[in-house]
Amino acid sequence: MSSVIKIRGIIRDFKLGQETVHVLKGIDLDIERGEYLAIMGASGSGKSTLMNILGCLDTATAGTYVLNDKDVSELSDDELADIRNTEIGFVFQTFNLLPRTTALDNVALPMIYAGKSKADRIKRAEEVLTNVGLSDRMDHRPNQLSGGQRQRVAVGRALVNKPSIILADEPTGNLDSKTSLEIMHLFNDIHNAGNTVIMVTHEEDIAAHAHRIIRLRDGMIESDTRNKID
């Protein structure tokens, strides 16, 4: 297996007035292609900051980040935006859907930025929505969908450009336990289809679905363990 992500000595500091807050204090991490990884840690441990750096939403203060053999640390803002759109699919706790837009158009949106034709966008969005179990909800707007259905739309949008990595930030945080389980089954399917899945969660039962768990404490990796998956 080859590493899809390789980070070395990642430090992230934030200036707060006269103070400097050291959030990440030298993270080394390799993530193999096709892995299913959960990042855990208490509030303030640095897990969201690490997720933002992995997702090219933020850049490290120091250290190197190599994604698919590209040194992300050296890229311009435009190049980072291009990587976010093509290499990484994001799923957020709050869904982040456009409220006045149908499920189909929400899913197709990243393909506009990728320069795909309208016919290609519709075809691919329909395919993805069918795969996430929403073939009968394509014309519905978010306010006409349940929380679980909205998260399925968000997962579909993350998958539409066939990214190499799916990043999920507390993907079940706004869902009840039954719906959370359904969404986790969906992530299992996504992983089984060959995607690399990286998930930030504070819930042990959600992390148990992953094959590997990284725990952060005070901006450093405290443990790196592999789950026994039946």
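Whether a residue is under 25 Å from R33 (Cβ atoms), among the basic types (K, R), in a strand (DSSP E or B) and in contact (Cβ under 8 Å) with a residue 60 or more places away in the chain was assessed, and R215 passes this test. Here are some conditions: (1) surrounded by 15 or more Cβ atoms within 10 Å (Cβ to Cβ); (2) in a helix (DSSP H, G or I); (3) not aromatic (F, W, Y). A81 meets all but one. Which one does it not meet? Just one mismatch for A81, condition (1). As a summary of the residue check, R121 satisfies the conditions (1) part of a helix (DSSP H, G or I); (2) touching a residue at least 12 places away in the same chain (Cβ under 8 Å); (3) under 30 Å from I5 (Cα atoms); (4) within 21 Å of the chain's Cα centre (by Cα) except for the one numbered (4). Filtering N143, N174 for residues that are surrounded by fewer than 20 Cβ atoms within 10 Å (Cβ to Cβ), touching a Gly at 6+ places or on another chain (Cβ under 7 Å), over 30 Å from V66 (Cβ atoms) and touching a residue at least 40 places away in the same chain (Cβ under 8 Å) leaves a single hit, N174.
All of V107, V91 fail the test of being within 12 Å of the chain's Cα centre (by Cα), crowded, with 21+ Cβ neighbours inside 10 Å and among the aliphatic types (A, V, I, L, M), apart from V91.
Somewhere in the range 160-181, is a residue in contact with a Phe, Trp or Tyr (Cβ under 9 Å, 6 or more places away or on another chain) and assigned to a helix (DSSP H, G or I)? No - not one qualifying residue is present in the range 160-181.
Among the residues in the range 35-49, are any in contact with a Leu (Cβ under 9 Å, 6 or more places away or on another chain), among the β-branched types (V, I, T) and part of a loop (DSSP other than H, G, I, E, B)? There is no residue in the range 35-49 that is in contact with a Leu (Cβ under 9 Å, 6 or more places away or on another chain), among the β-branched types (V, I, T) and part of a loop (DSSP other than H, G, I, E, B). Restricting attention to the range 1-23, the residues being in contact with a Gly (Cβ under 9 Å, 6 or more places away or on another chain), in contact (Cβ under 8 Å) with a residue 40 or more places away in the chain and either closer than 22 Å to I166 by Cβ or polar (S, T, N, Q) (or both) number 3.
If you filter the range 32-56 down to residues that are surrounded by 15 or more Cβ atoms within 10 Å (Cβ to Cβ) and among the aliphatic types (A, V, I, L, M), you find that the one that is farthest from I214 (Cα to Cα) is I53.
Take the residues in the range 184-211 that are touching a Ser or Thr at 6+ places or on another chain (Cβ under 7 Å) and assigned to a strand (DSSP E or B); name whichever of them is nearest to A158 (Cα to Cα). Step by step, filter the range 184-211, then rank; the result is T196.
Within the range 117-140, the residues that satisfy the criterion of being within 16 Å of P163 (Cα to Cα) and surrounded by fewer than 18 Cβ atoms within 10 Å (Cβ to Cβ) are E127, N131.
Coordinate-derived values only; no laboratory data. On a predicted model such as this, the values are computed, not experimentally measured, just so you know. Note that we place each Cβ from the backbone using ideal geometry, even for glycine, and neighbour counts take in every protein chain shown.
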